Each structure stands twice: as structure tokens, then as C-alpha cells.
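The values are calculated or read from the model by the stated rules, or taken from the named source; none is laboratory data. These figures come from a predicted structure and were not determined experimentally. No Cβ is skipped: glycine too gets one built from the backbone with ideal geometry, and neighbour counts run over all protein chains shown. Accessible surface is based on the protein model in full, side chains and every heavy atom, while ligands, DNA and RNA are left aside. Shrake-Rupley method; radii C 1.70, N 1.55, O 1.52, S 1.80 Å.
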Amino acid sequence: MSAKKQARLVAITHSTGSHLRGWRHPNTPARPATDVKAFIEVVQELERGLFDALFLSETTGTMPGPAEAHQHDSMVNESLDPTLLLSAIASATRHIGLITTASTSLTQPYSLARLLASLDHLSGGRAGWNVVTSRFETEARNFGLDAQLLRAPERYDVAAEFVDVVKGLWDSFDDDAFVHDREKGQVFDPVRVQPLDHRGRRFRVSGSLDIARPPQGHPIILQAGMSEAGRELTAREADLALASGGGWHAREAREDVRRRAAAHGRDPDTLVVLAVFPSVLVADTRAEAEAQLREFTALLHPAERQQHGILAGTAADIADIIEDWLDGDAADGFAVGFPYLQGPVAAFTRLVVPELQRRGRFRTAYAGATLRENLGLPRPARRVPE
Ligand SMILES: Cc1cc2nc3c(=O)[nH]c(=O)nc-3n(C[C@H](O)[C@H](O)[C@H](O)COP(=O)(O)O)c2cc1C
């Protein structure tokens, strides 16, 4: 019999948790968005639980609509820059992957390639990038852009060219181009650098990156958009995809992006599809999990209580779902959120992780040094322009 399929686990969160009202929970620090020390402690707990990665989402600016409508939300109104926050976390952790979010509509490929290469170097090969195209008019306006420019699928055309340029820049140098030969007085071998000369529809980028090829070759690329154009970008460029919605939806999305990846000449097993559990509460007994859920639901506005989207149960309940979805080919792993962090993260690592390990569904130690190795993904060969 073939070995049981093991789950990948990625924590998807903000420093206040993944629920808009997480900040109101009494366990949450008083200033959650800027209390870096408290957040680092949570990430260290995720690392003790052997999570593949921490994934920080972000929108560049506040939500559309009047301030009155958003005054109750921490998550969408206060947020440190995720890449900077991850670089602080990198120095306080050793194994966990660090996936940031950055927009292809609101940044430039050169600065983004440099940022991600830097995060990969300073974390020893643990960087990832959630490629987003930005949907909100408020975000576009912060950058002086006409909101009309940001309609899909056009924004995915921009994204495809952007990602291509970024990968080209990461490949500026051969892996061993930097020789630092003190005797010869040579820093790098000029034969092993190939500057990019990209002249595309949106971007013109000429030159090479000013840093050695990242430890992972290319930091991990994550894509969550599941429109037609989003799926195409995933199939061509992504290492990790997010399929939100229930098991049936995740299965359809996984099959579809794998089929598309194969059509682009890729081995579909090099695309890891994660189902999304937006908010999980786990406890020793169902009664305790339900009590925690009631306590949290009491913090919500009555209109929100019907659709809080929280999965609450025992470790066996959560592990049963994970096993079902793995065996039903609905997912290769799970992006797990927590309504608030202080308590639920430790409960997950104390209860669900050992339950999955007992069932042979999760690692018992980090296997590799880099995020790519831990995800079981090959290191991309350098592509040199013709
Ligand atoms: C779990 C999840 C996390 C996401 N995180 C972000 C994010 O951090 N920033 C952002 O601008 N969009 C984020 N998105 C939005 C997607 O990138 C995408 O734009 C959205 O799902 C709509 O799909 P489409 O662009 O293919 O139409 C996220 C989506 C999902 C499902």
C-alpha cells in the first residue's frame, strides 16, 4: 500500500488573527498590530508545531467606504508592512517559511525582486510571495492610479509579465557567480552574470539584480485568485495555490489548476494546492470548543453571528476533515487561520499536530533547510535569456 499522504500546513493570519473581531478578544494584546514581540511568540509556537510557513496577507491601504463603516475592524485599518515584519520574524525563527504579500499592480518588478531576494537571503531560504493584483479602488487611489486600470483580467496580464520579470531578475547571476576571490581581487565572475533586457507591454527592465541568486533559486510563489485569469497565472508560475470554499470547491479548483499546469508542460505535483480553513478553534472536548466559540461569537455584531465562518471542534474532528480532504484529493495541505492568536494557535499545535502525526499525516521534524525543501518542491534551474 502506498504511504499516506501528509498534510502541508500554512498559517494564514494577521497579527490580530484572521477574524475582523479578533482584536476584541481579551487574550489579544492591547496594541496587536504593532506588538511585534507578542506576534513573534505566536510564530515561534507555529514553528514548534512544525508549520511549513506563516503567510501574511495585506491590502495596501484601508478598505473602501467611510471610516465609520470600518471603525470596528483592526485587521483592515492597522497593519505593519508584511515584508518588514517577516524580516524581524526571520531573525527570531529558524525553520518556518515566511510568505509575504505584494501587489503586481502597485509595485515595480525590480524593487519587488530585490525585496524578496533579500528576505530569502536573510532568512536562509524561507521566503515566499503571495502575488496579488489588488482589487480595491482605495488601493489604486493611494498610488495615483485610475481604478479602471485595475480590472481583471487585464490586471492578471500585468501580473504575468511582472512575475516573469521578477524571476528573470532572480536569475541575473549563476548560483556560484559570486566567488569573492581575494587573491585575484574578483567579487563575481562576469561570465556568470546575464543582465535582463526586458521590453514588454507594461514593463521595461534592463540590468541585473544587485544580489546573488536567492538560496531557493526562486522564493516560493503563492497565488490565491481563482478566476479564469488567476488560475492561468497559478498554473504557469505558482508553487502554492489557495483554494477557498468547501471540499467540493477545493477539489474542483485543485483538479483544474493541476490540469492547466500539465498543459503548460509542468509536472502538476510541483503545484501544491492548499484548502483554506479561515478560522479554527480547537479544544480538548467538543463542549469546550463550543464554549470558546460562544465566547467569541458574543464579541460579534448580531448581524455577523450567522456567518462567523469558524470551524470549532476537537483535534479528532479537525484531523478527520483533514484526512478526508487529503484522501479525496481536495487538497495537498491547508491554510489555517485562527480567529485570534493567543490561545488557539497553542491549542492547535498541542492537540491537532500530534493527532495528525499519530495518524501519519504530518511530519515529526522539519526535513529541509528551505521552505522549498520542506514543501517537497524542486529548486528551479536558472533560466538564461536567449
Ligand atoms: C485566502 C485568500 C487570501 C488572500 N489574500 C490576499 C491579500 O493578502 N491581498 C490581496 O490583495 N488579495 C488577497 N486575496 C485575493 C486574491 O488574490 C484574489 O484577488 C481574489 O481571490 C479574487 O480572485 P480573482 O482575482 O482571481 O478574481 C486573497 C484571497 C484568498 C482566497
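Does at least one position in region 288-309 carry a residue that is among the aliphatic types (A, V, I, L, M), more than 26 Å from the chain's Cα centre (by Cα) and under 29 Å from K4 (Cα atoms)? Checked region 288-309: at least one residue is among the aliphatic types (A, V, I, L, M), more than 26 Å from the chain's Cα centre (by Cα) and under 29 Å from K4 (Cα atoms).
When you scan region 11-22, do you find a residue that is more than 13 Å from the ligand (Cβ to nearest atom), open to solvent by 10 Å² or more (accessible area, probe 1.4 Å) and within 24 Å of A367 (Cα to Cα), even just one? The answer is no, given that none of the residues of region 11-22 is more than 13 Å from the ligand (Cβ to nearest atom), open to solvent by 10 Å² or more (accessible area, probe 1.4 Å) and within 24 Å of A367 (Cα to Cα). In the set L281, L233, L242, L274, only one residue is more than 16 Å from the ligand (Cβ to nearest atom) and within 21 Å of L56 (Cα to Cα); that residue is L281. Just give me the residues in region 88-117 being of a type in the set (S, T, Y) and open to solvent by 40 Å² or more (accessible area, probe 1.4 Å), in sequence order. Listed by number, the residues that qualify are S91, T107, Y110, S111. The set of residues from region 288-312 being modelled with pLDDT of 95 or more and either at positive phi or open to solvent by 70 Å² or more (accessible area, probe 1.4 Å) (or both) comprises E288, E290. Scanning region 253-268 for residues that are open to solvent by 10 Å² or more (accessible area, probe 1.4 Å) and assigned to a helix (DSSP H, G or I) yields R254, E255, D256, R258, R259, R260, A262, A263, P268. Taking residues in region 230-252 that are open to solvent by less than 60 Å² (accessible area, probe 1.4 Å), and partners anywhere that are of a type in the set (K, R) and modelled with pLDDT of 95 or more, the pairs with Cβ atoms closer than 7 Å and at least 6 places apart or on different chains are R231/R260; E232/R260; A235/R260; A243/R254.
Could you look through region 129-147, keep only residues that are within 30 Å of H218 (Cβ to Cβ), open to solvent by 20 Å² or more (accessible area, probe 1.4 Å) and in contact with an Asp or Glu (Cβ under 9 Å, 6 or more places away or on another chain), and pick out the one that is farthest from the ligand (Cβ to nearest atom)?
L145
Only residues that are among the aliphatic types (A, V, I, L, M) and under 15 Å from P354 (Cα atoms) were counted in region 301-320, giving 4. Any residue at all in region 2-9 that's open to solvent by less than 40 Å² (accessible area, probe 1.4 Å) and touching a strand residue (DSSP E or B) at 6+ places or on another chain (Cβ under 8 Å)? Yes, region 2-9 contains a residue that is open to solvent by less than 40 Å² (accessible area, probe 1.4 Å) and touching a strand residue (DSSP E or B) at 6+ places or on another chain (Cβ under 8 Å).
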